[in-house]
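Here's the structure we're looking at; comments come further down.
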Amino acid sequence: MPDLSQDLPLEAGLFQLAEKRLAWADRREALLSENIANADTPGWKPVDVPPFATELGDAQRRLVRTDPGHLAAPESGGMQPDRRVRPEGRAPDGNAVSLDTELTRIADTQTTQQFVSSLYKTYLGMFNTALGK
C-alpha cells in the first residue's frame, strides 16, 4: 500500500490509522501462527498482541459535545478488554495451545485485514473522485 499521508495532509490521520491497524493485524497473525506451529512443543504458552485500542495510545481523543442536543460521550471505566491470554487447558506436557482458539483468532484477524483494506481502497477512491481523477 502506498504511503499517501505526505500528499494528503488533511486526510493523513485516516490513512495512518489504517496502516497502523494493518501493521497490528500483521503482528498478531505472526504471533498466532507461532502458537499453531508450536502446538506440539512441550510447555509452550500461547501469546497474543494487546487489543488494537491499546496501540492507539495518545491517538484516542475524548469526544467533545459541541451542541446540547448531541449525546454525551460515555465515561471511561466501562468494560475494559481482557489483555491476558487464558489457555483453555493444558496438555500433559504443559502445552496450552488450543488449535480451535488460535484458528478462530486468525480468522478474526484476516477479517480485520480485509475490512481495513477495503475501507482504505474505498476512501482513496472517493478522494480521487473528489479530485477529478
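Cβ separations smaller than 6 Å between residues 6+ apart or across chains give the following pairs from the range 30-52 residues that are within 14 Å of Thr109 (Cβ to Cβ) to residues that are outside any helix (DSSP H, G or I) and basic (Lys, Arg): Pro50/Arg83.
The listed residues are Ala107, Ala96, Ala130, and the only one of them that is at pLDDT 75 or above, within 25 Å of Glu19 (Cα to Cα) and over 16 Å from the mean Cα position of the chain (by Cα) turns out to be Ala130. Scanning the range 43-55 for residues that are over 10 Å from Val97 (Cα atoms), assigned to a loop (DSSP other than H, G, I, E, B) and not hydrophobic (A, V, I, L, M, F, W, C) yields Asp48, Pro50, Pro51. Within the set Ala18, Ala30, the sole residue that is surrounded by fewer than 15 Cβ atoms within 10 Å (Cβ to Cβ), in a helix (DSSP H, G or I) and either modelled with pLDDT of 85 or more or small (Gly, Ala, Ser) (or both) turns out to be Ala30.
The values are calculated or read from the model by the stated rules, or taken from the named source; none is laboratory data. Note that the coordinates shown come from a computational prediction; the quantities given were computed from them, not determined experimentally. Positions of Cβ are backbone-derived with ideal geometry, glycine not excepted, and every protein chain shown enters the neighbour counts.
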